[in-house]
Amino acid sequence: MSKEVLDFLAAHRPFYIATVDGATPRVRPMGFIMEHEGKIWFGMGTHKNVYKQLQANPKIEITTTGPDSNWIRVSGEAVFDPRPELFEAAKKAMPELKDIYPEGGPKMGLFSLAKGKALFLNIAGQEIKSVDL
């Protein structure tokens, strides 16, 4: 887990997650992120298309830009973890999840990245730093 990657994404929400839907790229804003057990975790509702797309093809990219126009590209493969204690940690990290995902309602799918890599880049697209996750 890289604190620098976590901090950059958390400070520049929303960040954008790209998936594929068949042969079509899909991008959407997301905001949930937390550190737990030495990993960066992301999440979304299991009823959403983004979840279904990641189940079919776990390859993902995440990006956002800072106010200085430096930006980050995070890539990897989504590895979902359904443990209830992980969802409890997510509710502590973002208390409003209790209302979005109440008991008996929609479920939240939480994932970390396998084969994760983050590139920090400047506005010209030149690499500033590379971090393995």
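Assorted remarks:
- Lysine pairs with alpha-carbon atoms under 18 Å apart, segment 3-132, spacing 8 or more or separate chains: 20
- ³J(HN,Hα), Karplus 6.51/-1.76/1.60, whole Hz, each residue of segment 46-56, x for Gly, Pro: 6, 8, 8, 4, 4, 5, 5, 5, 6, 5, 6
- When the Cα positions of Leu6, Ser69, Ile100 are compared along the charge dipole of the chain, Ile100 comes out farthest toward the positive end, with charges on each C-beta of Lys, Arg, Asp and Glu.
- Distant-in-sequence amide H partners of Thr46 (H built 1.01 Å from N, under 5 Å): Lys107, Met108, Gly109
- Backbone amide hydrogens, once placed in the peptide plane, bring Leu133 within less than 5 Å of Gly116, Lys117, Ala118, excluding anything fewer than 5 places away on its chain.
- What you get for the chain, charging only the Cβ of Lys and Arg (+1) and of Asp and Glu (-1), is a dipole of about 300 debye around the Cα centre.
- Helix-only [θ]222 nm of the chain, DSSP H runs n ≥ 4, -39500 (n - 2.57) each, per residue, nearest 500: -6000 deg cm²/dmol
- For the chain, the relative contact order is 24 percent, taking Cα pairs closer than 8 Å that sit 6 or more residues apart in sequence and dividing their mean separation by the residue count.
- Counting charges near Lys48 (Lys, Arg +1; Asp, Glu -1) among other residues having Cβ under 13 Å from its Cβ returns a value of +3.
Rule-based calculations on the coordinates, nothing more; no lab input. Source: prediction; values computed, not measured. Please note: Cβ atoms are built from the backbone with ideal geometry, for glycine as well, and neighbour counts cover all protein chains shown.
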